[in-house]
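Following: one structure in structure tokens, then a few remarks.
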Amino acid sequence: MKLLLVAGARPNFMKIAPLVRALAARHGRGGNGQTSWRLVHTGQHYDWQMSGVFFAELGIPVPDHFLEVGAGSHAVQTGAIMAACEKVCQKEEPDLVVVVGDVNSTLAASLAAKKLGIRVAHVEAGLRSFDRTMPEEINRLVTDAIADQLFVTEESARENLLREGKDPRAIHLVGHVMVDNLFHQLALLELAPPLQILDIKRQLGSYAFLTLHRPANVDDAATLTGIAAAVNAIAEELPVVFPVHPRTSQAIARLGLTFHPGVRQLPPLSFREALTLWADAVVVLTDSGGLQEETTALGVPCLTLRENTERPVTITTGTNRLAGTSRDSILAAFARFQHSPPLPARRPPLWDGRAARRIIDILSEQPCPCPQPHDGQQAQAFTPCCP
Ligand code: UD1
């Protein structure tokens, strides 16, 4: 069996890393006679701070194919990735293309593969915001409509897929590869913490951690202005550390927005730098999908600057609350958080650091030979052989 793993944008890299590790642990680097694999980086994200640093930190090997598609409108970017992925598929002739998440690379690689008659596995399938103005929602719907194997992170995703008519035998609740990555990186962080970031933490003491990059929040002048006003008001009480995504820094510059001195703006951070900050934040303010889940996994309070989430388990089980996107709704959510912070989180089922291994078990049609943690043993304390 030959697999082609596809990654393209920043949130993909945290999901690809555990899959690559699990594959290498089981089948060796690049594979063996039984199972082999190749890695494709579409180049949807390309700056060192958005891409290269994640490959380096997360231990992802140099891709076998780097497609260098770069930025563009949705159609231009998606089309370029499709055309480039088609060539790779024709050259490599994989049995299965594995895509992760919900970015344009996920959609484009799936379409290119299926039109060549190649099977597709989607990791993080079934999430639905029910908001079709989100480009990611379109990517999720189309990818899941054509994918053959659907690996889901939470029960709601399985229900969504069943409602859309997917074959129950194709749906596998396996936990979350991003949580695998999180636990793996936490262990490494203890050995080599990023010193500059520790300095910033020392200077700030208590702080909120903010990320912002969704087009609906950032590209709309009134929305971004309202969010900035809320952030400035919060910074009167609590310093806010704010690594700024390229899309957001362009919008801030365009609108000439200014921030309270308590808002510490930083360039985009590496995974470990960001983790070092948000893991100890009083509260995380974010419009990221992944951070909603990662904060739940570590029990850090999270206020999501959106009207909806495709990850409801972070609210029903975890530490996440929807804060909306207006100045008033964000400040109301912040006040409510101060008055009654979320209860300590329960980690959603199977978010135990072993999702990639389950996926490889299913794809290889054979269980991993490694010992499983016994009942009651903490997943984090257990050292898996296929980490
Ligand atoms: C993309 C994903 C989104 C994901 C986000 C994480 C889609 C539809 N969207 O949105 O789901 O949450 O990535 O970052 O796939 N830019 C750089 N350097 C880079 C990459 C981009 O400067 O390495 C600039 C681009 O020129 C553009 C802006 O950042 O002006 C936004 O990039 P874009 O690729 O449009 O998507 P994201 O907003 O990052």
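Conditions (1) assigned to a strand (DSSP E or B); (2) of a type in the set (Gly, Ala, Ser); (3) open to solvent by 40 Å² or more (accessible area, probe 1.4 Å); (4) away from the ligand (no atom under 16 Å from the Cβ), marked per residue:
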site	(1), (2), (3), (4)
Phe13	no, no, no, no
Pro18	no, no, no, yes
Arg38	yes, no, yes, yes
Tyr46	no, no, yes, no
Val62	no, no, yes, yes
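Where in segment 157-223 are there helices (runs of 4 or more DSSP H), lying fully within it, with 1 or more residues that are more than 20 Å from Pro239 (Cβ to Cβ) and not β-branched (Val, Ile, Thr)? Give the derivation first.
On the way: elements: 177-191, 195-204, 215-218.
Result: 177-191, 215-218.
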Going through (1) within 16 Å of the ligand (Cβ to nearest atom); (2) open to solvent by 10 Å² or more (accessible area, probe 1.4 Å); (3) assigned to a helix (DSSP H, G or I) one by one, Arg132 fails only at (3)
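Condition first: in contact with a strand residue (DSSP E or B) (Cβ under 8 Å, 6 or more places away or on another chain) and open to solvent by 40 Å² or more (accessible area, probe 1.4 Å). Now tell me which residues in segment 64-81 satisfy that.
Asp64, Phe66 - these are the residues of segment 64-81 that are in contact with a strand residue (DSSP E or B) (Cβ under 8 Å, 6 or more places away or on another chain) and open to solvent by 40 Å² or more (accessible area, probe 1.4 Å).
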For segment 286-311, enumerate the residues that are open to solvent by 10 Å² or more (accessible area, probe 1.4 Å), farther than 14 Å from Pro341 by Cα and out of contact with any Leu (no Cβ under 9 Å at 6 or more places or on another chain).
Gly290, Leu291
Does Phe259 fit the bill of being crowded, with 18+ Cβ neighbours inside 10 Å and more than 12 Å from the ligand (Cβ to nearest atom)?
no
Kindly evaluate Gln265 against the criterion of being outside any helix (DSSP H, G or I) and either surrounded by fewer than 23 Cβ atoms within 10 Å (Cβ to Cβ) or within 16 Å of the ligand (Cβ to nearest atom) (or both).
yes
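The values are calculated or read from the model by the stated rules, or taken from the named source; none is laboratory data. Being a predicted model, the structure only gives us computed values, none of them experimental. Every residue, glycine among them, receives a Cβ derived from its backbone with ideal geometry; neighbour counts consider all protein chains shown. Areas reflect the complete protein model, heavy atoms only, side chains present, ligands, DNA and RNA absent. Shrake-Rupley method; radii C 1.70, N 1.55, O 1.52, S 1.80 Å.
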